[in-house]
Every structure is written in structure tokens, then in C-alpha cells.
Amino acid sequence: MRKPFLAGNWKMNLDRRSGVALARTLAARSVTWSGREVAIFPAFVYLDEIVRATAGSGVRVGAQNLCDEKSGAFTGEVSAAMLKDVGATLVLCGHSERRHLYGEDDRLVNRKLHAALSQGLDVILCVGETLEERKSGSTEARLSRQMTLGLAGVSAEDLARITIAYEPVWAIGTGVNASPAQAGEAHTYLRGLLSGLYGESAAAAVRIQYGGSVKADNIQTLMRAPNVDGALVGGASLQSESFLGIVEVAL
Ligand code: PEP
């Protein structure tokens, strides 16, 4: 059985005060949660404080990005060891905004993923097709490439520390979520790819989150689609009511 995994990507939103308040609210509520895993992804500068605000609770804290290098002359970058040092336990790799706004390609995403694993951080690897790719029938080709190159060199043992987030680019921040049928089809394809790469039983253990305009009123139907094991949530993770509405109905 795969434990549902709900994660909130705060992106470049929330200041110190509102982020800590939201984290504290979630941490306090987490005592009532069972059978699900929850994580939040604040901006780098607030990680340390948000880790302390959630200490001992059922809320995990992760980073939205990291550098592929270990240390040195990389102005403006943050290493996996630094993330670990402040208590983050996981990191997003390959979010579509990193890929499309900052030009990160599959090889860089793969190097970042290895940098994270080497420091003991868990990873959410984000994949997803653009609207043009979907319209031209190349969704599967895009997903296959992102998965194969993104996971290159990852052992079956390390696969256990990776979650996949299927996030169609056309659904992120648009208010237009994939239908449960579209999500189920993509997730089933992704699990098949994992099976081909790692064998059926290793693939069966990997959680595949759906991301793209998830709200409290669509999470249940999305989670009923085959192979949908949770959600990566952007906009609706920024307020306690909307994120709790997702976390608490998502079983
Ligand atoms: C995201 O940024 O990963 C995301 C899914 O955003 P939103 O929920 O706002 O579409």
C-alpha cells in the first residue's frame, strides 16, 4: 500500500510571519492526521525557521530547488549539504518553472537529484508535458524522456527515496486541472515506465503525485484515478483552510 503524500509548494510566496503561522497551524493539526504524509516547501531563506516551527510534528519540510554542485564558487546557489544542515529532509527537482523559466534540462535535473540523494535528502522528481506536446500526441515521449534521463544512474534502493510528481504544464496555476481520466492515464504510463526500469515490485512502491490546479473540491476524484497517490499543490497550499481542505479529504 502506498501512503498518500500531499505536498505544498509555496514557490516565491509568503513572508516570514505568514509562513511561520501557516507552518504552525499545519503542525498543530498534524496530530489528527493518520495514513498520509504531508510536506511543505518554503523559500530557502525561511527553511531554518519553518523547520523549527514544525519540529516534532507530522509536517516535513523541503526545499524547492538545490545546486547540482557540492560547494564552492557558485554565487547565489544552495547546496544539498546546506539544506540538510538546516533540517530540510527533501527537495523538489525538475519543477516545470525551473525547467521552463530557468532552462533546466533533464541532465541538470538528474545531477541535482543525485546531489540530493548523496546527502540523504528525499526527492520529488517533477515531470509533465506542455499543452503543445499533449496536442501533438507527444505526451508519452516527453514523460519517457524526463523519467529516463531524470532517473539515470539511480539504483533500485535509492528509488525508494523518490516520489514522482506528474504535473502537466498546462494545468499548473491555470485553474484547469487534468481530468481524473487524463491523470490516471499518465500515472499508469509513468508506473509502467518505472516497471520497465526497475521491475514491477520496486515500481509498485513509488508514489506518483498529481500536480496542477489541485483544490479541495477536485482532490477526491483525482485521488480515485488509478495510480494517483497524492498531490503536489501550489496556489491552494498558501492558506491553511485550502491546504487543510486538501490534506484532510485526500484519503
Ligand atoms: C505547482 O506549482 O507544483 C502546482 C501544481 O501549482 P498549482 O497547484 O497552483 O497549479
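The values are calculated or read from the model by the stated rules, or taken from the named source; none is laboratory data. A quick note: this is a predicted structure, and the numbers were derived from the prediction, not measured. Reconstructed Cβ throughout: ideal geometry from the backbone, glycine too, with neighbour counts over all protein chains shown. Surface accessibility is based on the protein's heavy atoms, side chains included, excluding ligands, DNA and RNA. Shrake-Rupley method; radii C 1.70, N 1.55, O 1.52, S 1.80 Å.
Could you work out how much longer the chain between Ser138 and Val31 gets when fully extended? Use 0.36 nm per residue separation minus the Cα distance between them, nm to one decimal.
34.2 nm
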Q.
Quick check for you: with a 1.4 Å probe and neighbouring chains kept, what is the accessible area per residue of the stretch 43-195, in Å²?
A. 44
Q | Cα→Cβ-extended label distance, 7 Å offset, between Val176 and Ala205, nm | A | 3.9
(Q) Assuming a strict under-17 Å limit between Cα atoms, what lysine pair count do you get for the stretch 5-249 once near-sequence pairs (fewer than 8 apart, same chain) are dropped? (A) 4
**Q.** Long-range amide H partners of Ile40 with built H, under 5 Å
**A.** Gly8, Arg60, Val61, Gly62
**Q.** Unit charges at the beta carbon, dipole of the chain: most positive-side option, Gly235, Ser179, Leu26
**A.** Leu26
Q) What residues qualify as long-range amide H neighbours of Phe5, i.e. H under 5 Å apart, gap of 5 or more or another chain, H built at 1.01 Å from N? A) Glu37, Gly230, Ala231
**Q.** Using θ = phi - 60° and Karplus 6.51 cos²θ - 1.76 cosθ + 1.60, couplings along the stretch 234-249 (whole Hz; Gly, Pro as x)
**A.** x, x, 6, 9, 8, 10, 4, 4, 6, 6, 4, x, 7, 4, 8, 9
Q. Hey, quick one: spin label on Arg224, modelled 7 Å out along Cα-Cβ, who in the stretch 164-197 has an amide N within reach, i.e. under 16 Å?
A. 179-185
Q: Whenever you get a sec, line up Met12, Met82 from highest to lowest accessible area (probe 1.4 Å, protein heavy atoms).
A: Met12, Met82
Q. Got a sec? Charge dipole of the chain, +1 on Cβ for Lys and Arg, -1 for Asp and Glu; which of Ser213, Ala203, Phe74 is way out at the positive end?
A. Ser213
Q: For every other residue with a beta carbon closer than 12 angstrom to the beta carbon of Asp122, add +1 if it is Lys or Arg and -1 if Asp or Glu, then tell me the sum.
A: +2
Q) What residues have an amide H closer than 5 Å to that of Thr163, excluding those fewer than 5 places away on the same chain, when H is modeled at 1.01 Å from N in the peptide plane? A) Val123, Ile124, Leu125
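How high is the relative contact order of the chain, in percent, with contacts defined as C-alpha pairs under 8 Å that are six or more residues apart? Walk me through the intermediate numbers first.
Details: 491 pairs, mean separation 51.7, N = 251.
After rounding, I find 21 percent.
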Q | Charge dipole magnitude, Cβ of K and R +1, D and E -1 - the stretch 122-251, Cα centre, debye nearest 20 | A | 180
**Q.** Projected-area average for the stretch 5-249 over all orientations - Cα convex hull basis, square nanometres
**A.** 12.2
Q. Counting only protein heavy atoms, what percent of the accessible surface of the chain is carbon or sulfur at a 1.4 Å probe?
A. 52
Q: Express in nm, to one decimal, how much length is gained between Arg52 and Ser18 on full extension, taking 0.36 nm for each residue of separation and deducting their alpha carbon distance.
A: 10.8 nm
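Restricting attention to the stretch 172-251, which trypsin sites (Lys or Arg not before Pro) occupy a DSSP loop and are surrounded by at most 12 other Cβ atoms within 10 Å? All intermediate terms of the calculation are to be shown ahead of the outcome.
Numbers: sites: Arg191, Arg207, Lys215, Arg224; in loops: Arg207, Lys215, Arg224.
Answer by residue number: Arg224.
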**Q.** Full-extension gain in nm, Lys70 to Ser195, via 0.36 nm per residue minus C-alpha separation
**A.** 41.9 nm
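Taking the Cα centre of the stretch 5-249 as origin, work out the dipole magnitude from +1 charges on Lys and Arg Cβ and -1 charges on Asp and Glu Cβ, in debye rounded to 20.
320
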Q. Just how large is the dipole of the stretch 102-171 about the Cα centre, in debye to the nearest 20, putting +1 at every Lys and Arg Cβ and -1 at every Asp and Glu Cβ?
A. 80
Q: Convert each backbone phi in the stretch 64-76 into a coupling constant with the Karplus relation 6.51 cos²θ - 1.76 cosθ + 1.60 (shift: θ = phi - 60°), then list the ³J(HN,Hα) values in order as whole Hz, x for Gly and Pro.
A: 7, 6, 7, 8, 7, 8, 6, 5, x, 7, 10, 3, x
(Q) Just to check I understand the Karplus step: with θ = phi - 60° and J = 6.51 cos²θ - 1.76 cosθ + 1.60, what whole-Hz values come out for the stretch 115-131, glycine and proline as x? (A) 4, 5, 4, 5, 9, x, 7, 7, 10, 9, 8, 9, 9, x, 9, 7, 5
**Q.** Three-way shape call for the stretch 184-251 based on the alpha-carbon gyration tensor, with the a/c threshold at 1.5
**A.** prolate
Q.
What do you get for GluC sites (Glu not before Pro) in the stretch 1-109 restricted to DSSP loop and a cutoff of at most 15 other Cβ within 10 Å of the site's Cβ?
A. Glu69, Glu77
